[in-house]
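Worksheet: the structure to be examined is printed underneath.
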Amino acid sequence: MSTESRIALHATVNGEARTLAPDSTVLDLLHLLEIQPDRVAVEYNRAILKPPEWGQTRIAEGAQLEIVQFVGGG
């Protein structure tokens with residue numbers, strides 16, 4: 001394991017490469033991106049995660065996430 005992989009992990013979020021802290025969870029990522037968790041859906045490696053799983057799901061090296069924000073309007 002390289003030294004860099006111990007101090008950072010790399011994932012793709014909505015098609016954009018991101019460097020994250022090791023052991024980051026999906027909920028940590030939402031806070032980092034300043035996204036309100038009650039207004040999004042999260043797909044992790046092509047599987048929809050339920051909100052109770054976000055704080056327990058650690059982001060793996062090379063993971064792909066899609067975050068969809070709900071927008072209200074009329």
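No lab work stands behind these numbers, since they all come straight from the coordinates. Fair warning: this is a prediction, and the values are worked out from it, not measured in the lab. For neighbour counting, all protein chains shown are included, and Cβ atoms are generated from backbone atoms with ideal geometry for every residue, glycine included.
Think of each Lys and Arg Cβ as +1 and each Asp and Glu Cβ as -1; about the Cα centre, that makes the dipole of the chain roughly 100 debye. A simple rule links phi to the HN-Hα coupling: the Karplus curve 6.51 cos²θ - 1.76 cosθ + 1.60 with θ = phi - 60°, which for segment 59-70 gives 7, 8, 3, x, 5, 10, 10, 10, 10, 10, 9, 7 Hz, with x for Gly and Pro. For the chain, applying the loop criterion from DSSP together with a ceiling of 14 other beta carbons within 10 Å to the trypsin sites (Lys or Arg not before Pro) yields 46. Applying 0.36 nm per residue to the separation of residue 70 and residue 7 and subtracting their alpha-carbon distance, the gain on full extension is 19.4 nm.
Summarised as an ellipsoid, the chain has semi-axes of 23, 12, 11 Å, derived from the eigenvalues of the Cα gyration tensor scaled by 5 and square-rooted, with the largest first.
When shorter helices are ignored and each DSSP H run of at least 4 residues is given -39500 (n - 2.57), the per-residue value for the chain at 222 nm works out to -4500 deg cm²/dmol.
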